[in-house]
Amino acid sequence: MNKLTFFYSIVLILILFSCNTATKQPEIIAPPEQNTTTTISKNNSEEKPDLFYHYSIWWAFVNKIFEGDIDAKELKSKGDLALGSYNFLDGELIMLDGVLYQATEDGKVHKPDNAAKIAYANATFFDAEQSFKIDKVNGYDSLRSIINEHLTSKNYFYAFKIHGDFKKMKCGGLHKQDKPFVKGLDVLIPNRPVFERENFSGTMIGFFCPEFIGNINVAGYHLHFVSDDEQFAGHVMEFEAENLTVEIDMMNEYQFVLPKTDDYKNAGFEKEFQYKKK
Ligand SMILES: [Zn+2]
């Protein structure tokens with residue numbers, strides 16, 4: 001073997017060796033990075049409509065329209081994820097995976113039957129388009145700013161399902177009202193019952209509405225909560241959480257349905273109230 005042949009043989013061996021190791025090298029799976037978005041591909045035949053169903057106007061609800069004319073059965077035909085309130089403000093409404101909950105002012109969580117009447121609701125058939133994980137958030141503000149980075153545009157509506165471990169959770173409820181209704185939500189919400197719990201797991205569900213929605217609905221984020229053990233629920237006020245999985249469903253269709261009640265017909269729109277969570 002002359003020197004040249006020897007040289008070429010070595011080069012050939014090296015090339016073969018590198019090809020071999022390249023093909024046989026085990027695939028390196030990167031650890032899941034915080035905030036890495038997974039786009040969920042959908043089978044078109046199974047895709048649910050991206051429709052935001054909205055019963056009653058937030059502005060009417062703020063102005064003492066605490067009685068609606070739809071029931072739980074009808075709401076379940078409009079979505080499998082929902083938030084809202086029951087007639088006479090008899091508790092916060094939460095629907096997760098088609099299961100409806102009622103968090104009453106005594107801090108208890110019930111599963112109302114199909115006849116339960118609803119004063120105000122937002123609902124959709126949840127069909128996540130993207131999901132990502134967050135290791136830790138120290139509050140509502142940080143969660144909102146992280147989610148904001150993942151929204152395609154703030155000119156659409158979004159639904160959320162956010163499961164995680166909660167170091168602390170503070171939820172609001174509603175004091176049941178009797179007729180004639182005297183106080184509007186502008187007074188009742190700042191004086192709402194507050195429930196707190198530590199070190200447990202659960203799911204926040206809710207919606208984002210663009211700023212242009214004005215007083216028709218809650219502008220920005222509106223989240224409700226139910227614990228995995230179904231013992232704790234309400235309107236999300238503040239929290240600290242870990243190991244969150246955020247699922248997002250964008251919606252570009254909006255349907256609102258108005259109550260056909262005498263109170264609604266005669267409603268005034270004097271008071272305003274917004275949570276201002278953007
Ligand atoms: Zn709420």
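Numbers below:
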quantity: Given (1) farther than 22 Å from Phe157 by Cα; (2) out of contact with any Leu (no Cβ under 8 Å at 6 or more places or on another chain); (3) free of Cβ contacts under 8 Å to residues at least 60 places away in the same chain, index of the condition Ala219 fails; calculated: (1)
quantity: Checklist (1) in contact with a Ser or Thr (Cβ under 8 Å, 6 or more places away or on another chain); (2) away from the ligand (no atom under 16 Å from the Cβ); (3) on the phi > 0 side of the Ramachandran plot; (4) of a type outside the set (Phe, Trp, Tyr) applied to Asp97, failing item; calculated: (1)
quantity: Selected residue (only one of Lys78, Lys73, Lys64 is out of contact with any Leu (no Cβ under 6 Å at 6 or more places or on another chain), away from the ligand (no atom under 16 Å from the Cβ), under 24 Å from Phe208 (Cβ atoms) and not in a strand (DSSP E or B)); calculated: Lys78
quantity: Among (1) in contact with a Pro (Cβ under 6 Å, 6 or more places away or on another chain); (2) more than 16 Å from the ligand (Cβ to nearest atom) - the single one Gln102 does not satisfy; calculated: (2)
quantity: Test: residue in the range 116-134 that is touching a residue at least 40 places away in the same chain (Cβ under 8 Å) and loosely packed, with under 15 Cβ neighbours inside 10 Å; calculated: no
quantity: Number of positions in the range 246-269 that are assigned to a loop (DSSP other than H, G, I, E, B) and farther than 28 Å from Lys154 by Cα; calculated: 6
quantity: Cβ pairs under 8 Å, 6+ apart, first in the range 247-265 and basic (Lys, Arg), second assigned to a loop (DSSP other than H, G, I, E, B); calculated: Lys260/Asp69
quantity: Count of the range 109-126 residues which are in a loop (DSSP other than H, G, I, E, B) and not aliphatic (A, V, I, L, M); calculated: 6
quantity: Filtered residue count, the range 159-172, keeping only those that are buried (at least 22 other Cβ atoms within 10 Å of the Cβ) and within 16 Å of the ligand (Cβ to nearest atom); calculated: 5
quantity: Boolean, Pro190 is assigned to a loop (DSSP other than H, G, I, E, B) and either buried (at least 20 other Cβ atoms within 10 Å of the Cβ) or within 16 Å of the ligand (Cβ to nearest atom) (or both); calculated: yes
quantity: When residues of the range 214-249 are limited to those that are within 15 Å of the ligand (Cβ to nearest atom) and of a type in the set (Val, Ile, Thr), the one farthest from the chain's Cα centre (by Cα); calculated: Val218
quantity: Residue in the range 106-114 that is within 16 Å of the ligand (Cβ to nearest atom) and touching a Leu at 6+ places or on another chain (Cβ under 7 Å) present; calculated: no
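No lab work stands behind these numbers, since they all come straight from the coordinates. Keep in mind the model is a prediction, meaning the values are calculated, not measured. Cβ atoms come from the backbone with ideal geometry, glycine included; neighbour counts cover every protein chain shown.
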